[in-house]
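So the structure is just underneath, and the comments pick up after that.
The values are calculated or read from the model by the stated rules, or taken from the named source; none is laboratory data. Because the structure is a prediction, the values reported are computed rather than measured. Every residue, glycine as well, gets a Cβ built from its backbone with ideal geometry; the counts of neighbours run over all protein chains shown.
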Amino acid sequence: MNEQTKNIFHLDRRSGKDRRRHKIPEIKSLFIHKRRKTIRRQDDKENIFYFDQYSSTLFGAIVVFLLLNIIDGWLTLFLLDHGATEINPIMAYFLNFGPLTFMSVKYFLACYSVIILVIFNNVFLKKIKIYTRSLFSYTIGVFMLIVAWELFLTFRIIF
């Protein structure tokens, strides 16, 4: 390396802070377009790592999850009008305040859980040996079974 190149490196404008050390993403990162989509360094795979951009597959899973949540709420209200009972004690409590409160709380809890799962999308859960991004698939599968069961009950009532 020649002397001129060495001088350029001394003029480095880095602050000395490691920007990867943040545990929680900053609010401004939600509004500024970034390019990080994957984990590049092997060392980072052991830590909680947040991305600036998420895949379209994850967006699709979120939409399906929220739609199934709404369908589940509607079918639950329909079945409750026809003699069924709510077995979830938390949602049964909010049913006492009316169907609008029930649906609002149901949707809020679903949105809150989506936010948590997205923030911790790339965390590896060592005890159960899966990534949290896999939880979307499992919850969608469970919701599909619940909605299928409610549709079965609904068709038995109608026909």
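Annotations
- So I146, is it surrounded by 14 or more Cβ atoms within 10 Å (Cβ to Cβ) and out of contact with any helix residue (DSSP H, G or I) (no Cβ under 7 Å at 6 or more places or on another chain): no
- In the stretch 131-150 there is no residue that is hydrophobic (A, V, I, L, M, F, W, C), over 17 Å from L66 (Cβ atoms) and in contact (Cβ under 8 Å) with a residue 60 or more places away in the chain.
- Output for the stretch 70-87, where each listed residue is exposed (fewer than 13 other Cβ atoms within 10 Å of the Cβ) and out of contact with any Ser or Thr (no Cβ under 9 Å at 6 or more places or on another chain): D81, G83, T85, I87
- So K129, is it of a type outside the set (F, W, Y), farther than 18 Å from G60 by Cβ and surrounded by 14 or more Cβ atoms within 10 Å (Cβ to Cβ): no
- Filter pass, L75 being in contact (Cβ under 8 Å) with a residue 12 or more places away in the chain, closer than 25 Å to F136 by Cβ and not hydroxyl-bearing (S, T, Y): yes
- Residue selected from the stretch 94-142 under the condition outside any helix (DSSP H, G or I) and of a type in the set (S, T, N, Q), by the criterion nearest to F78 (Cα to Cα): N96
- Taken over the stretch 60-87, the criterion of being assigned to a helix (DSSP H, G or I) and of a type outside the set (A, V, I, L, M) is satisfied by G60, F65, N69, D72, G73, W74, T76, F78, D81.
- Checklist (1) closer than 16 Å to V147 by Cα; (2) out of contact with any helix residue (DSSP H, G or I) (no Cβ under 9 Å at 6 or more places or on another chain) applied to K127, failing item: (1)
- Cross-chain or 6+ apart pairs with Cβ under 6 Å, the stretch 86-103 first and modelled with pLDDT of 95 or more, then assigned to a loop (DSSP other than H, G, I, E, B): A92/E86; L95/E86
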